[in-house]
Amino acid sequence: MSVEEKGLNELKFRVIYLKDGLAAGSFFECVGAEESAEAVEPETRAQEYQSEVDTQGLVILDFSAEDQKEQALEKISAVCQKAMIPVYAAGNIDEISDIGHLLEAGCDLVILNMVKDSNQEMLEEASETFGKEHIGVYLPDYNTYLMQNEKYEEFAGLLFLDEGRGGEEIAEETKLPVLIHNEGEGSCKKINFDRAMVESTITWADFKTDGNGLVPCIVQDHENGEVLMLAYMNEESFNKTLESGRMTYWSRSRQELWMKGLTSGHFQYVKTLSIDCDNDTLLAKVAQVGAACHTGHRTCFYRDLVNRK
């Protein structure tokens with residue numbers, strides 16, 4: 001059965017090529033095949049990618065020299081602290097402690113290079129220590145997977161290959177998600193992935209909607225509890241929110257779906273979704289990029305009507 005026949009999702013991840021403490025312009029700069037362009041801070045590159053509506057995750061490929069490992073870890077940690085989407089890391093992994101440091105820095109998953117004998121040897125220990133859902137493996141080609149597929153299926157949570165090395169074919173045989181790296185575009189596509197970015201414990205059918213099939217959604221900042229706005233959801237926008245991990249609403253005035261931040265870049269990333277006791281009102285706690293209000297204010301509730309001390 002092909003990936004298309006499985007009907008599974010495809011997610012876009014952008015790649016940060018980390019070298020000498022900075023984000024290089026491309027993979028080819030890191031391997032010396034292109035002249036270096038102006039590099040930027042990894043945090044800056046991460047924020048740029050995070051503002052893209054179709055980017056659902058980041059992959060940091062670390063090309064730093066051995067003596068720059070500590071500096072690279074600091075840069076990766078800085079990216080993770082501000083990331084609102086999953087962050088995967090690969091490169092410069094020599095010991096089991098390197099995996100622990102990357103996960104402690106905030107990475108969601110660490111990818112081991114199966115070309116390195118030391119990484120092959122630590123795979124089982126890494127999986128048992130940190131959980132297979134936090135461990136991925138880089139495979140050079142389809143044949144490498146075939147030779148040890150049972151091992152990778154048991155101890156890895158993701159398979160990572162370069163484009164044209166058999167990733168699509170592997171996805172037809174494995175239950176694991178497959179991440180395929182396009183060196184020229186500086187991006188990856190994640191296929192064989194049959195889960196939404198976030199999941200709900202109940203379905204839309206359990207909601208009590210109004211006469212137009214809508215429920216109100218109160219939106220709070222997940223860090224300080226500040227009420228940012230109130231909007232409405234229908235079934236389509238609710239499912240889109242789960243699928244994308246970004247708050248998506250139904251505009252009553254325009255009668256259309258709208259993802260918050262699509263035009264402004266001020267996305268709202270879902271942290272939690274809660275339902276009230278009557279199943280007719282949602283509470284969303286989000287990581288807000290920029291202003292929540294179209295006026296430019298952080299919150300739509302910026303005008304006090306009564307303020308008793």
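Based on what the data block shows, is Ile180 outside any helix (DSSP H, G or I) and either free of Cβ contacts under 8 Å to residues at least 24 places away in the same chain or touching a helix residue (DSSP H, G or I) at 6+ places or on another chain (Cβ under 6 Å) (or both)? Yes, satisfied. The set of residues in region 11-66 being out of contact with any Ser or Thr (no Cβ under 8 Å at 6 or more places or on another chain) and small (Gly, Ala, Ser) consists of Ser26, Gly32, Ala33, Ser36, Ala39, Ala46, Ser51, Gly57, Ser64, Ala65.
Inclusion of Leu73 among residues that are open to solvent by less than 40 Å² (accessible area, probe 1.4 Å) and farther than 23 Å from Glu183 by Cβ is not warranted. Close Cβ contacts (under 6 Å, 6 or more residues apart or on different chains) running from residues in region 133-145 that are outside the structural domain of Ile99 (by the TED database) to residues that are in a loop (DSSP other than H, G, I, E, B) and open to solvent by 60 Å² or more (accessible area, probe 1.4 Å) are absent.
Let's see how each residue does on (1) over 21 Å from Leu159 (Cα atoms); (2) open to solvent by 70 Å² or more (accessible area, probe 1.4 Å):
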position: Gly32; (1), (2): yes, no
position: Ala37; (1), (2): yes, no
position: Val87; (1), (2): no, no
position: Ala90; (1), (2): no, no
position: Asp98; (1), (2): no, no
position: Phe130; (1), (2): no, no
position: Asn143; (1), (2): no, yes
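Checked against (1) under 24 Å from the mean Cα position of the chain (by Cα); (2) not in a loop (DSSP other than H, G, I, E, B), Lys151 meets all criteria but (1). All of Leu283, Leu305, Leu262 fail the test of being touching a strand residue (DSSP E or B) at 6+ places or on another chain (Cβ under 6 Å) and either of a type in the set (D, E, K, R) or not assigned by the TED database to the domain that holds Thr55 (or both), apart from Leu283. Based on what the data block shows, is Thr209 hydroxyl-bearing (Ser, Thr, Tyr), on the phi < 0 side of the Ramachandran plot and not assigned by the TED database to the domain that holds Ser26? When the stated conditions are applied, Thr209 passes them. Among the residues of region 150-185, those that are modelled with pLDDT of 95 or more, open to solvent by 30 Å² or more (accessible area, probe 1.4 Å) and over 23 Å from Val15 (Cβ atoms) comprise Glu150, Lys151, Glu153, Glu154.
The values are calculated or read from the model by the stated rules, or taken from the named source; none is laboratory data. Just so we're clear, the structure is a prediction, and the values are computed from it rather than from any experiment. Please note: Cβ atoms are built from the backbone with ideal geometry, for glycine as well, and neighbour counts cover all protein chains shown. Accessible surface areas use protein heavy atoms only, side chains included; no ligands, DNA or RNA. Shrake-Rupley method; radii C 1.70, N 1.55, O 1.52, S 1.80 Å.
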